[in-house]
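**Q** Just dropping this structure here.
The values are calculated or read from the model by the stated rules, or taken from the named source; none is laboratory data. Since the model is a prediction, treat every value here as computed from it, not as a measurement. Heads up, the Cβs are rebuilt from the backbone with ideal geometry, glycines too, and the neighbour counts pull from every protein chain shown. Surface accessibility is based on the protein's heavy atoms, side chains included, excluding ligands, DNA and RNA. Shrake-Rupley method; radii C 1.70, N 1.55, O 1.52, S 1.80 Å.
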Amino acid sequence: MKQELEQAIDHLCKELLGIGVDVELTRSEEQFGDYATNVALRLAKELNANPREIAEKIASKLYHAAIAKTEVAGPGFINLTLTDDALWSLSGQPPAQTLAGKQVVAEYSDPNPFKVLHAGHLYTTITGDAIAKLLETAGATVHRLNYGGDVGLHVGKCMWAIVRFLEGEHPKKLEAVETDKRLEWLSERYIEGNNAYEADEQAKAEIVAINKRVYQLHTNNDHDSDFAQIYWTGRQWSYDGFDRLYDQLQITPFEKYIPESEVTPVGIEMVQKGLAQGVFEESDGAIVFKGEPHGLHTRVFLNSGGLPTYEAKDLGLAALKWQQYNFDLGVIITANDIVEYMKVVLKVLEHFYPEVVKRSKHFTHGVIKLPGGIKMSSRKGNILRAIDILEAAHEANKTTNGHDNQQTVLAAIKYAFLKQRIGGDIIYDPAESVALEGNSGPYLQYAHARARSILAKAKTADSGQLTVDSLETGERSLLRKISEYTEVVDRSVQEFMPHHICTYLYELAQTFNSFYEHNRVLGDPRELTRLRLVQKYADTLKNGLQILNITAPERM
RNA sequence: GGGAUCGUAGUUCAGUUGGAUAGAACGUCAGUUUCCGAAACUGAAGGUCGCAGGUUCAAGUCCUGCCGGUCCCA
């Protein structure tokens, strides 16, 4: 309907003024009506005419069954007020299927085996899942991928400490570690290895050697040696631990993990091929890409020891994803410290797969901090871990609300992360996130439960008449807000930004609460109409929360 | 030193291809419960949109310079 109206206005412009414009109706403040357009203002210059006169000209000729009132206001806006009927049919519609049939690959979370899952991983996990769901809402098929470093220096550090802890390469001794302690146990070993690497020259040399052995174990496909058994067990423990956390978070499961070891040979091969083709050059024994001619910087792809860097691996990863999925759209979400790095990798990738670069979107986010200002540093042990966030939220929920409900805590964390535009740093305040007052996940859950409770109490055979037209002010405000839903989702899809949905849902809940406060539903002569509204509202709220992967409980 | 990015109320954040009086939340202050869930609602105070220029009928939004923060590269 919105499109119809836009086309009608575009038509009028051509007919009356001889100029076509790209008309976009925007939602206006309630006092001005339902939709507004600034076409007259934009055309004024071109036509060298008074914008208000142009607006009047268009407005006076604009007729549509859905329009109840047309007004010219301010410097030359055309304000449209829809009929109540039109508002009803506008609300409750499914979002536009703009991505129907599209194959999307979404890569996010990306924790490293043998290391701890930190707050940043938690953030991309939740945000990535929401973006994936958002795209699914628009009709896309989304493949959720999780990429992580199962090779590399951090693995060397961890393996070194494990072997030391076990007093030799004794895989059998691993059995002593309890199942639910494994992830924590591994991250403790990593910290030990990391500290030794920095403090002790001999340990450093040993770790470098072990790191090489890990790579070798992959090339030799070694699953039998004692060293290999320790490694594979450790890797599996990591994946199991990650899966447990994802399960706990109630996010959509990943389609698969892509381990770094799998993409490494692909990446190396690409670098060698690229070297022969003149994409790379040798420099002090390393293979580098000179980014300066492209306004970028130089980066190493194979180091002087012949080992692939992150760059080479990312190249392999991109190639592998493309070969396996042939996607229409590739979405990657990472921290924003690698934006420059990513540009170089994409520039190189352009040489191999220009199509992939065109179809890829890289979103980045900032650092996750607690209000005190603790910053993550993945080197030392004193980082903000994912479970620290979860624990802080549980703790806050207990002290603020006097109980500890998993659904509330999850809603609190997810909503706190998602309500902010993706890009900047996030200051996560546990107390604020679980609060039932204010712009929080639990507030929305409560707003939903309240509405459902009314519906549950309504008797089936009901008094009152259904009057879809001639709505009262409060009723109309609520319906007007509900009718915005699909437009908000569409915009979120276009921008890949779930936070628009958060902002909207909060406004929606506020509108409802205000309506609820001032209008009796049950037993009122207008009961049937109002129940219909409450139903639409609750469904809309639930649908929106679903995109964010937040539950909408009937009771709480 | 080069590059990226951000700077909006005391705090945390929204702000549509440039559009109407810059909006929320928390906090502060003042109110609202015989009645559908007060875990709610109503209202008030609080702003040089970092600073200075420029483009435009119109700038928080675009351009230039400067200041400040964060990150990347050497």
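**Q** Which residues, counting only those in region A:179-212, are under 20 Å from residue A:226 (Cα atoms) and open to solvent by 80 Å² or more (accessible area, probe 1.4 Å)? Break it down into steps so the answer makes sense when it comes.
**A** Going residue by residue through region A:179-212, those that are under 20 Å from residue A:226 (Cα atoms) are A:182, A:185-186, A:189-190, A:193, A:206-212.
Within region A:179-212, just A:212 meets the criteria.
**Q** Still on this structure, please answer the following. Would you be able to say whether some residue in region A:51-63 is of a type in the set (Gly, Ala, Ser), in a strand (DSSP E or B) and away from RNA strand B (no atom under 16 Å from the Cβ)?
**A** Quick first cut of region A:51-63, residues of a type in the set (Gly, Ala, Ser) only: A:55, A:59-60.
Filter once more, so that each one left must be in a strand (DSSP E or B): none.
No, that holds for no residue.
**Q** Scan region A:138-153 and give yes if some residue there is under 26 Å from residue A:320 (Cβ atoms), part of a helix (DSSP H, G or I) and out of contact with any His (no Cβ under 8 Å at 6 or more places or on another chain), otherwise no.
**A** The answer is yes, given that some residue of region A:138-153 is under 26 Å from residue A:320 (Cβ atoms), part of a helix (DSSP H, G or I) and out of contact with any His (no Cβ under 8 Å at 6 or more places or on another chain).
**Q** Hey, any hits in region A:170-179 for a residue that's part of a helix (DSSP H, G or I), in contact with a helix residue (DSSP H, G or I) (Cβ under 9 Å, 6 or more places away or on another chain) and modelled with pLDDT under 95?
**A** yes
**Q** Okay, moving on. Report the residue count in region A:292-315 for those that are closer than 15 Å to residue A:151 by Cα, within 11 Å of RNA strand B (Cβ to nearest atom) and not in a helix (DSSP H, G or I).
**A** Within region A:292-315, residues that are closer than 15 Å to residue A:151 by Cα, within 11 Å of RNA strand B (Cβ to nearest atom) and not in a helix (DSSP H, G or I) number 1.
**Q** Would you tally the residues in region A:304-321 being hydrophobic (A, V, I, L, M, F, W, C) and surrounded by 22 or more Cβ atoms within 10 Å (Cβ to Cβ)? Steps first, please.
**A** We begin by selecting, within region A:304-321, every residue hydrophobic (A, V, I, L, M, F, W, C); these are A:307, A:312, A:315, A:317-320.
If we keep only those that are surrounded by 22 or more Cβ atoms within 10 Å (Cβ to Cβ) too, we end up with A:312, A:315, A:317-318.
Final tally of qualifying residues: 4.
**Q** How many residues are among the aliphatic types (A, V, I, L, M), open to solvent by less than 10 Å² (accessible area, probe 1.4 Å) and farther than 17 Å from residue A:136 by Cα if we restrict to region A:525-556?
**A** Residues flagged as among the aliphatic types (A, V, I, L, M), open to solvent by less than 10 Å² (accessible area, probe 1.4 Å) and farther than 17 Å from residue A:136 by Cα within region A:525-556 amount to 4.
**Q** Also, quick follow-up: Going residue by residue through region A:141-154, is there one that turns out to be of a type in the set (Ser, Thr, Tyr), at pLDDT 95 or above and closer than 26 Å to residue A:332 by Cβ?
**A** Step one: filter region A:141-154 for residues of a type in the set (Ser, Thr, Tyr), giving A:141, A:147.
Narrowing the set further to residues that are at pLDDT 95 or above leaves A:141, A:147.
Add one more test, that the residue is closer than 26 Å to residue A:332 by Cβ, and what stays is A:141, A:147.
Yes.
**Q** Let me ask something else about it. How about region A:78-103: which of its residues are farther than 26 Å from residue A:467 by Cβ, outside any loop (DSSP other than H, G, I, E, B) and away from RNA strand B (no atom under 14 Å from the Cβ)? I'd like the intermediate steps shown before the answer.
**A** Going residue by residue through region A:78-103, those that are farther than 26 Å from residue A:467 by Cβ are A:78, A:95-103.
In the following step, the residues that additionally are outside any loop (DSSP other than H, G, I, E, B) were identified as A:78, A:103.
Listed by number, the list holds a single entry, A:103.
**Q** Do the conditions hold for residue A:222, that is, is it on the phi < 0 side of the Ramachandran plot and not in a helix (DSSP H, G or I)? Give the derivation first.
**A** Details: on the phi < 0 side of the Ramachandran plot: yes; not in a helix (DSSP H, G or I): yes.
Against the criterion (on the phi < 0 side of the Ramachandran plot and not in a helix (DSSP H, G or I)), residue A:222 qualifies.
**Q** Going through A:16, A:5, A:41 one at a time, which residue ends up being part of a helix (DSSP H, G or I) and within 14 Å of RNA strand B (Cβ to nearest atom)? So that I can check it myself, show each step before the final result.
**A** Details: A:16 fails: within 14 Å of RNA strand B (Cβ to nearest atom); A:5 fails: within 14 Å of RNA strand B (Cβ to nearest atom).
Selected residue: A:41, the only one of A:16, A:5, A:41 that is part of a helix (DSSP H, G or I) and within 14 Å of RNA strand B (Cβ to nearest atom).
**Q** Out of A:333, A:338, I need the residue that is touching a residue at least 40 places away in the same chain (Cβ under 8 Å) and under 25 Å from the mean Cα position of the chain (by Cα). Which one?
**A** Among A:333, A:338, only A:333 is touching a residue at least 40 places away in the same chain (Cβ under 8 Å) and under 25 Å from the mean Cα position of the chain (by Cα).
**Q** Another question about this same structure. For residue A:470, which of the numbered conditions (1) open to solvent by less than 10 Å² (accessible area, probe 1.4 Å); (2) over 25 Å from residue A:129 (Cβ atoms) fails to hold?
**A** Of the numbered conditions (1) open to solvent by less than 10 Å² (accessible area, probe 1.4 Å); (2) over 25 Å from residue A:129 (Cβ atoms), the odd one out for residue A:470 is (1).
**Q** Looking at A:391, A:432, A:475, which is the one that is at pLDDT 90 or above and closer than 25 Å to residue A:242 by Cβ?
**A** On the way: A:432 fails: closer than 25 Å to residue A:242 by Cβ; A:475 fails: closer than 25 Å to residue A:242 by Cβ.
It is A:391.
**Q** Please identify the pairs in which a residue from region A:288-301 that is open to solvent by less than 40 Å² (accessible area, probe 1.4 Å) has its Cβ atom under 7 Å from the Cβ atom of a residue that is more than 11 Å from RNA strand B (Cβ to nearest atom) and assigned to a helix (DSSP H, G or I), counting only partners at least 6 apart or on another chain.
**A** Going by the 7 Å Cβ cut-off, the qualifying pairs are A:289/A:348; A:291/A:347; A:296/A:347; A:301/A:271; A:301/A:312.
**Q** Quick one: residue A:444 ticks every box in (1) touching a residue at least 40 places away in the same chain (Cβ under 8 Å); (2) part of a loop (DSSP other than H, G, I, E, B); (3) closer than 29 Å to residue A:388 by Cβ bar one, so which box is it?
**A** (2) is the only condition that residue A:444 fails.
**Q** If a residue has to be of a type in the set (S, T, N, Q) and open to solvent by less than 40 Å² (accessible area, probe 1.4 Å) to count, how many in region A:84-111 make the cut? Break it down stepwise before answering.
**A** Going through region A:84-111, the residues of a type in the set (S, T, N, Q) turn out to be A:89, A:91, A:93, A:97-98, A:103, A:109.
Remaining after also requiring open to solvent by less than 40 Å² (accessible area, probe 1.4 Å): A:91, A:109.
Residues that pass the stated criteria total 2.
**Q** Restricting attention to region A:347-372, which residues are part of a helix (DSSP H, G or I), open to solvent by 50 Å² or more (accessible area, probe 1.4 Å) and in contact with a strand residue (DSSP E or B) (Cβ under 9 Å, 6 or more places away or on another chain)?
**A** Residues satisfying the conditions are A:347, A:359.
**Q** Can you spot a residue in region A:214-235 that is in contact with a Lys or Arg (Cβ under 6 Å, 6 or more places away or on another chain) and modelled with pLDDT of 95 or more?
**A** As a first pass, look at region A:214-235 and keep what is in contact with a Lys or Arg (Cβ under 6 Å, 6 or more places away or on another chain): none.
No.
**Q** Now for a separate question. Considering only residues that are of a type outside the set (Gly, Ala, Ser) and touching a helix residue (DSSP H, G or I) at 6+ places or on another chain (Cβ under 8 Å), look in region A:64-77 and name the one that is farthest from RNA strand B (Cβ to nearest atom). Lay out the reasoning, then the answer.
**A** First, pick out the residues of region A:64-77 that are of a type outside the set (Gly, Ala, Ser): A:64, A:67, A:69-72, A:75, A:77.
Next cut, touching a helix residue (DSSP H, G or I) at 6+ places or on another chain (Cβ under 8 Å) only: A:64, A:67, A:70-72, A:75, A:77.
Working: A:64: 18, A:67: 15, A:70: 12, A:71: 8, A:72: 9, A:75: 5, A:77: 4 Å.
Only one residue fits best here, namely A:64.
**Q** For residue A:161, indicate whether it is farther than 30 Å from residue A:5 by Cα, in a strand (DSSP E or B), hydrophobic (A, V, I, L, M, F, W, C) and open to solvent by less than 20 Å² (accessible area, probe 1.4 Å). Reasoning before the result, please.
**A** Numbers: farther than 30 Å from residue A:5 by Cα: yes; in a strand (DSSP E or B): no; hydrophobic (A, V, I, L, M, F, W, C): yes; open to solvent by less than 20 Å² (accessible area, probe 1.4 Å): yes.
The answer is no for residue A:161.
**Q** From the list A:108, A:35, which residue is among the aromatic types (Phe, Trp, Tyr), in contact (Cβ under 8 Å) with a residue 12 or more places away in the chain and more than 15 Å from RNA strand B (Cβ to nearest atom)? Steps first, please.
**A** Numbers: A:35 fails: more than 15 Å from RNA strand B (Cβ to nearest atom).
When all the criteria are applied, what remains is A:108.
**Q** Residue A:290 versus (1) within 30 Å of residue A:140 (Cβ to Cβ); (2) out of contact with any Lys or Arg (no Cβ under 8 Å at 6 or more places or on another chain): which is the lone unmet condition?
**A** (1)
**Q** Here is a check on your reading of the model: is residue A:325 in contact (Cβ under 8 Å) with a residue 24 or more places away in the chain, surrounded by fewer than 20 Cβ atoms within 10 Å (Cβ to Cβ), away from RNA strand B (no atom under 16 Å from the Cβ) and of a type in the set (Ser, Thr, Tyr)?
**A** yes
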